[in-house]
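J.: After the structure tokens below, expect a handful of questions from me.
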Amino acid sequence: MKRNLNNVCITGSGNGIGKAIAILLNKHGYNVACVDINLEDAKKTIYEFENKVARSVAISADISIISQIKKMIKEVVYSFGSLHIMINNAGVTRTSDIMKLNEQDWYWINNINSKGTFFCLQAAANQMKFQKTGGRIINMSSVGARGFVDVSNAIYAGSKGAIISLTKTAAQQLGKYNINVNAICPSPTYTEIVKKLIKTRSLEQNKSENEIMKHYMRDVPLGRFNQPEDIAEMALFLSSESSKNISGQSFNVDGGLIPS
Ligand SMILES: NC(=O)c1ccc[n+]([C@@H]2O[C@H](COP(=O)([O-])OP(=O)(O)OC[C@H]3O[C@@H](n4cnc5c(N)ncnc54)[C@H](O)[C@@H]3O)[C@@H](O)[C@H]2O)c1
């Protein structure tokens, strides 16, 4: 896929989906800034990069804190000269029934998933506007925002729904700066978040972890569990020139689970 925009920043890329995106984009020649609250994890992602010609940098930032977001953008620009593609991937959740969720859960999940995504998008868009280069913003939502029945919890579903709405409005308001904004909605993807979810449900329901995984797969027409690399392929497409006329959209990567 053709690449005109080169410099990428990926939040939460020390593990899971963000890490898979970072590795794939590096392989395709992008300069990748790996951001994580855990700097060591971000560094470990970079150690796995196979393309040693493309530039890379590991950055520590907690994306729920605006001052750290601003510092993160400055570090990307300092390292690569500009920022072209912002991938707002960092997100958190825990498995819980709606009746057991509390205020602390609400603030924890929304501060990272909703507030963090918004202020990363705003800071990145400001930088892209200043550069006059245009750019791409990719937000990580979830099929939890589309009504997936086994979503980890209701606050998480709401935080991911906010990301879909933000994606639509941001695309409308940032198009004049040649910035495309899209979202990806993965179904359960085999990362630490999902391993924890499967473990909790297996204890709650007194079923084996294998049975829980089969249960998740019951309505998936293609019959496979998402791997982080499946999500990375969509992020690569949305970063490339092939998607230059696509904006304001949210794409499920879910094996056909929720047709839209
Ligand atoms: N795994 C799934 O099944 C699934 C499905 C749908 C959507 N998603 C979304 O995809 C994204 C990535 O999920 P994952 O499964 O790879 O998770 P993960 O837990 O494996 O990785 C998340 C990474 O984000 C980092 N992080 C957490 N809080 C942060 C913060 N405040 N600032 C910076 N970094 C922070 C963590 O340190 C970790 O490295 C999330 O937004 C998640 O909601 C995941």
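Nothing in this text is a laboratory measurement; each read-out follows from the coordinates by a stated rule. Here the structure is a predicted model, which means the values were calculated and not measured. Reconstructed Cβ throughout: ideal geometry from the backbone, glycine too, with neighbour counts over all protein chains shown.
J.: Taking square-rooted eigenvalues a ≥ b ≥ c of the alpha carbon gyration tensor, is segment 137-242 rounded, prolate or oblate, where a/c under 1.5 means rounded and, failing that, a/b exceeding b/c means prolate? Can you show the working numbers first?
T.: Numbers: a/c = 3.05, a/b = 1.94, b/c = 1.57.
Judged from the Cα gyration tensor, segment 137-242 comes out prolate (a/c at least 1.5, a/b above b/c).
J.: Report the gain in length on full extension from Ser67 to Ser165: 0.36 nm times residue separation, minus Cα-Cα distance, nm rounded to one decimal.
T.: Working: separation 98, 0.36 × 98 = 35.28 nm, distance 2.45 nm.
Taking Ser67 through Ser165 to full extension adds about 32.8 nm, to one decimal.
J.: Normalised by the number of residues in the chain, what is the relative contact order in percent for Cα pairs under 8 Å and 6+ residues apart?
T.: Numbers: 528 pairs, mean separation 53.8, N = 260.
About 21 percent, as a whole number.
J.: Note down, for segment 71-196, the three equivalent ellipsoid semi-axes (square root of 5 times each alpha carbon gyration tensor eigenvalue), biggest first, whole angstrom. Write out the running numbers ahead of the final one.
T.: Working: eigenvalues 168, 43, 32 Å².
Calculated on Cα positions only, the semi-axes equal 29, 15, 13 Å.
J.: Among Val151, Ile198, Leu24, whose Cα sits farthest toward the positive end of the charge dipole of the chain (+1 at Cβ of Lys/Arg, -1 at Cβ of Asp/Glu, about the Cα centre)?
T.: Positive-most Cα among the choices belongs to Leu24.
J.: Follow-up question, since we're still on this one. Between rounded, prolate and oblate, where does segment 107-148 land on the alpha carbon gyration tensor, with a ≥ b ≥ c its root eigenvalues, rounded for a/c under 1.5, else prolate if a/b exceeds b/c?
T.: Details: a/c = 5.70, a/b = 1.87, b/c = 3.05.
Oblate.
J.: Separate question: Taking H placed 1.01 Å from N in the peptide plane, check which residues at least 5 places from Asn252 or on another chain put their amide H under 5 Å from its amide H.
T.: Cys185
J.: A further question follows. In Å and on Cα atoms, what radius of gyration and Dmax does segment 217-260 show?
T.: When restricted to the Cα atoms of segment 217-260, Rg and Dmax are 12.1, 36 Å.
J.: Under a GNM of the chain (C-alpha, springs under 10 Å), which listed residue has the highest mean-square fluctuation: Ile193, Ile21, Ile73?
T.: Ile193
J.: Counting alpha carbon pairs within less than 8 Å and at least 6 residues apart, what relative contact order, in whole percent, applies to segment 134-260? Provide the component values of the computation, followed by the final result.
T.: Working: 191 pairs, mean separation 42.6, N = 127.
Worked out over segment 134-260, it gives 34 percent.
J.: Okay, next question. Give me the net charge of Asn110's neighbourhood, meaning all other residues with Cβ under 15 Å from the Cβ of Asn110; Lys, Arg count +1, Asp, Glu -1. Working shown, then result.
T.: Details: positive: Arg94, Lys115, Lys160; negative: Asp62, Glu103, Asp105.
Charge balance near Asn110 sits at 0.
J.: Let me ask you something else. If you put +1 on each Lys and Arg Cβ and -1 on each Asp and Glu Cβ, how big is the dipole of segment 7-253 around its Cα centre, in Debye rounded to 20? List each step's numbers first, then the result.
T.: Numbers: 28 positive and 20 negative charges, 116 e Å.
For this selection, approximately 560 debye.
J.: Further, regarding this structure: How far, in nm, would the chain grow between Glu211 and Asp97 when pulled straight, counting 0.36 nm per residue and subtracting the alpha carbon separation?
T.: Numbers: separation 114, 0.36 × 114 = 41.04 nm, distance 1.98 nm.
Taking 0.36 nm per residue and subtracting the Cα distance, the gain is 39.1 nm.
J.: Given Cβ point charges of +1 (Lys, Arg) and -1 (Asp, Glu) and nothing else, what value in debye, to the nearest 20, does the dipole of segment 93-179 about its Cα centre take?
T.: Values: 10 positive and 4 negative charges, 105 e Å.
Once rounded to the nearest 20, the dipole reads 500 debye.
J.: Looking at this model, which pairs from Lys176/Lys244; Lys19/Lys74; Lys70/Lys176; Lys27/Lys132 are more than 25 angstrom apart at the alpha-carbon? Before the final figure, lay out the partial values.
T.: Details: Lys176/Lys244 14 Å; Lys19/Lys74 21 Å; Lys70/Lys176 23 Å; Lys27/Lys132 27 Å.
From the list (Lys176/Lys244; Lys19/Lys74; Lys70/Lys176; Lys27/Lys132), the Cα-Cα distance tops 25 Å for Lys27/Lys132.
J.: Taking only C-alpha pairs under 8 Å that are 6+ residues apart, what is the relative contact order of segment 1-113 in percent? Before the final figure, lay out the partial values.
T.: Values: 194 pairs, mean separation 31.7, N = 113.
Relative contact order comes out at 28 percent.
J.: Something else now. Just to compare against my own numbers: the Cα pair-distance distribution for the chain, 5 Å bins, whole % per bin, please.
T.: 1, 6, 14, 18, 20, 17, 12, 7, 3, 1, 0, 0
J.: Name the longest site-free stretch of the chain, where the excluded sites are GluC sites (Glu not before Pro) in a DSSP loop with no more than 10 other beta-carbon atoms within 10 Å. Before the final figure, lay out each step's value.
T.: Values: sites that count: Glu48, Glu50.
By the stated rule (loop sites, at most 10 other Cβ atoms within 10 Å), 51-260.
J.: How long are the three semi-axes of the equivalent ellipsoid for segment 1-100, computed from the Cα gyration tensor as the root of 5 times each eigenvalue, in whole Å, largest first?
T.: Numbers: eigenvalues 118, 49, 30 Å².
After scaling each eigenvalue by five and taking roots: 24, 16, 12 Å.
J.: Quick one: dipole size for segment 26-110, taken about the Cα centre, charges +1 on Lys/Arg Cβ and -1 on Asp/Glu Cβ, in debye to the nearest 20.
T.: Numbers: 10 positive and 10 negative charges, 76 e Å.
Using only the charged Cβ atoms, the result is roughly 360 debye.
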